[in-house]
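First the structure, in the form of structure tokens, and then the observations on it.
The values are calculated or read from the model by the stated rules, or taken from the named source; none is laboratory data. Predicted, not measured: the structure shown is a model, and the values here were computed from it. FYI the Cβ positions are ideal-geometry reconstructions off the backbone, even for glycines, and counts take in every protein chain you see. Heavy atoms of the whole protein, side chains included, go into the accessibility calculation; ligands, DNA and RNA do not. Shrake-Rupley method; radii C 1.70, N 1.55, O 1.52, S 1.80 Å.
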Amino acid sequence: MTQVPSGHAQDITRRTLKVGMSGFPPTVEPVLVTHTATRRVVSQMFDTLIAFDQTPRMALRPALAERWERVSGRALRLFLREGVTFHDGGAFTAEDVAFSLSPQHLLGPDMAGNATAMETLETIDRVEIVNSHTVIIHTKIEDALLEKRLASWGAEIVSKRAFDAAGSWDVWTEAPVGTGPYRIVSQTLDVEVVLAAHEDYWGGLPPFAGVHFRIVPELASRMNALVAGEVDFVTDLSPDMFAEIEKYQELEIAGGPVQNIRALNIDTTGPILGKVGVRRALSLAIDREAFVGALWQGRLHIPNGYQLPSFGEAYIEDFPALAYDPDLARQLLREAGYDGETITYRLLNNYYPNQVAGAQAMIEMWRAVGINVEIQMMENFAQIKTEPINAIFDSSNTATFPDPLGHAWRVFGPSGVNVRDGIWKNEEYFSLGEKLKAISDPQARRPILRKMLEITSYDDPPCVILHGSGQFYAKRKDITWVAGQTLDLDFGPLNPAYAQQ
């Protein structure tokens, strides 16, 4: 257990919010991973320079930067908020911005490049300090998306002074220091993460005295804790529990669709899954309307390709919908020479809500077209990725900013997780993505985006898209809170629920 001393007084009239969460965060340093549990905690502890308003439009709003202006296509001047303090009482200045967005921080321990922040912040070249509260961020290429990148995961600002004082990444990651509405008090592996209110938060007084994340892996146990009043809020609610929640007058369901796509990743390097026809048949055999209707009460959307409507001008709205075509699936299997060979499905026990039930439903759909898929239960992602993988396995991917470069590119680009894991690569896709990064004209981007969608959908699929994701929660009705568009849980005073009061 790591305990963090504090001299901050607590307002005892405010309650501590008790959250039953399904998993323990592997770290609470936001540049290192985009793990669901990590995002739920770090969104309380840190701020970005610019933020998304968390409406379906995902519009930008000021955060640690009060305003910003373009200097050129490769430079953005930001005017920083004055009077902001870190959790340890230190003042927020341009030095912290320059450090937070530097390779020393973004590349992670030993600058080995293992941190996920560079998936979206790779275009940043350097931060020029103009004065204590003005910076100019320079990019390697013309980057029309820089403002969105600065609002994305991994762009959170940390205290340079506190990082230097920690002396090592191991010490730093036990209790990193940010400017967010809550500061870390302690974390106990697989048990809990305890946060306390940052009373001097620039965005106003946090609505809770603290947030206590209790790790309760089983949904039934989380539900029991909520009903018994042991927690106020639970994560990862599956639709089959909605009716149970509705039995209790004091409880309610929250959440809904988020900027995320659920998919089955495919190791395309093996002799069977290396065949495009087999991969396409896996997708064509799935009746997604029936799947989402049965397992999610029709509450989730089915995307048309690996993209989201929030991408705006980068959304190819007329790209074909995901097809359910068993006859074409059988034809592609014949043409591929598939003869009933076993395809392994490495499966976790409901890491994602409805994961096992969904797998069982798909097994039957695949069997109906002649695909022989066998489930192999795994305990964790480390087991799933034990080489050789030669299998399919579940994944989800959140758009860290609303553009394909903040979504599909994060997993399928040359630095993306599927490529790093050695299970897929496509040089044409990589080349198109590099061109896309250098083009700011929305209309000039669209033919490139369409071709990238065609590669991941038809020419060389790296995955089977299942559906858009949803994040559903159950909570006490007397807890005022509004869900956002991502995995983040914002319990701070800038949540729209509190801003409206």
Regarding the range 404-415, can at least one residue be identified that is at pLDDT below 90, open to solvent by 30 Å² or more (accessible area, probe 1.4 Å) and assigned to a loop (DSSP other than H, G, I, E, B)?
yes
Residue by residue through the range 198-222, note down the ones that are modelled with pLDDT of 95 or more, aliphatic (A, V, I, L, M) and over 24 Å from the mean Cα position of the chain (by Cα).
LEU205, ALA209
Given the conditions (1) open to solvent by 20 Å² or more (accessible area, probe 1.4 Å); (2) at pLDDT below 95; (3) of a type outside the set (A, V, I, L, M); (4) not in a loop (DSSP other than H, G, I, E, B), every one holds for ARG126 apart from (2)
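Find the residue count for the range 133-166, including only residues that are open to solvent by 70 Å² or more (accessible area, probe 1.4 Å) and in a loop (DSSP other than H, G, I, E, B). Lay out the reasoning, then the answer.
Taking the range 133-166 first, the residues open to solvent by 70 Å² or more (accessible area, probe 1.4 Å) are 140, 142, 161, 164-165.
Narrowing the set further to residues that are in a loop (DSSP other than H, G, I, E, B) leaves 140, 142.
Number of matching residues: 2.
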Would you say ALA382 is surrounded by fewer than 14 Cβ atoms within 10 Å (Cβ to Cβ), over 27 Å from GLY484 (Cα atoms) and touching a residue at least 60 places away in the same chain (Cβ under 8 Å)?
no
If we take the range 49-106, then strands (runs of 3 or more DSSP E) inside it with 1 or more residues that are aromatic (Phe, Trp, Tyr) are 50-52, 65-72, 75-80
